[in-house]
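Quick notes on the structure that follows.
The values are calculated or read from the model by the stated rules, or taken from the named source; none is laboratory data. Source: prediction; values computed, not measured. Using ideal geometry, Cβ is built from the backbone for each residue, glycine included, and neighbour counts are taken over all protein chains shown. When the accessible area is computed, the model is the full protein with side chains, heavy atoms only, and any ligands, DNA or RNA have been set aside. Shrake-Rupley method; radii C 1.70, N 1.55, O 1.52, S 1.80 Å.
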Amino acid sequence: MNFLHGGILKKFMKNLWKTNLKPALRTVKAKLIGEAWKDQIRPIEWYNLPFWIQYTFSEDWQHYKPKDRPLSAERLKRFIFPNLEKPIFIFGSPRSGTTFLGNCIAEIPEISYHFEPVLTKAAARYIYTNQWDKNQAKAFYKRVYSWLLRIHLNGDLRLAEKTPRNCFVLPFLYETFPDARFIHIIRDGRDASISLAKRPWYRNDMRGSGAKDPGGYPFGPIARFWVEPDRIEEFETTNDVHRCMWLWRRYLEEASAGAAQLPTDQYYELRYEDLVTNPQEESERLLDFLEIKNTESRSKFCEFVTKKAKADSMGGWQAELSEEQVQQLEKEAGNWLSKLGY
């Protein structure tokens, strides 16, 4: 009878899944689909759109911070006509504080914040490489954002989203949403690189794992769309920290080039280090840029930033990188480190 107790049975089934069933299913999958599938980039095509739509909505539900507010006529009206005025785009190199900043902005009651919408994240490579018709792409992005607002019945709020890959499509986003606000958060590339290298997305040991990121790329050192064509082999064979610094440089290059095409009053550049060491002052400046005037909303945002800011998240590279690694990273992106004062 004790064996049938809910907790014991659950533990038994969990162990059985991990030790026997899951490995067996992986083996069958590899044989049926073939090892080559593991390193293929998942495309966006008409036949797999149901997959992308379901994936996008499920990820959004998982990360979304619900708004505790009553149902109103305006909310119902905006389900039909979602508000896409003055959307907010948060971007920067991965592990540069984009998630931290996005979570802080999610605290603002007037804003509906969405974490890395899967479909637009995957679509960025098609926009950057000019594989999609621009007018169709604009309509695609508007539909995705409209439905993200609809599924939470928050079409009356102001859309905000953060996706690092938006660094590569800033001119397109501005052309699609001419009144948008753009927030670029920048972090010391050495800290961002060692942080990113600890994640599975670009690591050498993840090659052939079969896992894919939400944007469709396999985990591991597979060259992304932004890698220089004449350096693809080098990118796929170098060490993890160097590869991540390479990524930091390319994201920064494209974001800076794209930002130069934006109106100065619609673009805001923020240092991660300033935000975590001086959260109150930096928060006030950012709120002014976003034109958030409500006193309660401003207070809520500032309190959350101050509470979550970690000043000890800076300078870790000095203890973790060898002299040889530092030289390699400076060779890859030293000009950008100097330009930014790092």
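Does the range 54-109 hold any residues that are surrounded by fewer than 18 Cβ atoms within 10 Å (Cβ to Cβ) and touching a Ser or Thr at 6+ places or on another chain (Cβ under 6 Å), and which are they? Across the range 54-109, the qualifying residue is only P109. Filtered by the rule that a residue be open to solvent by less than 20 Å² (accessible area, probe 1.4 Å) and either at pLDDT below 95 or charged (D, E, K, R) (or both), the range 146-165 gives E161, K162, R165. Identification of helices (runs of 4 or more DSSP H) wholly contained in the range 286-342 with 1 or more residues that are modelled with pLDDT of 95 or more and in contact with a Leu (Cβ under 8 Å, 6 or more places away or on another chain) yields 295-308, 323-339. Of all residues in the range 114-145, those satisfying the criterion of being hydroxyl-bearing (S, T, Y) and open to solvent by less than 40 Å² (accessible area, probe 1.4 Å) are T120, Y126, Y141, Y145.
Across the range 19-31, not a single residue is classified as over 15 Å from L148 (Cα atoms) and at pLDDT 95 or above. Does at least one position in the range 181-200 carry a residue that is surrounded by 19 or more Cβ atoms within 10 Å (Cβ to Cβ), in a loop (DSSP other than H, G, I, E, B) and either out of contact with any Gly (no Cβ under 7 Å at 6 or more places or on another chain) or modelled with pLDDT of 95 or more (or both)? Yes, the range 181-200 has at least one match.
Scanning the range 135-145 turns up at least one residue that is within 23 Å of S58 (Cβ to Cβ), modelled with pLDDT of 95 or more, over 15 Å from the mean Cα position of the chain (by Cα) and of a type in the set (D, E, K, R). For S256, the conditions (1) within 19 Å of the chain's Cα centre (by Cα); (2) touching a residue at least 60 places away in the same chain (Cβ under 8 Å); (3) over 16 Å from S195 (Cα atoms) all hold with the exception of (2).
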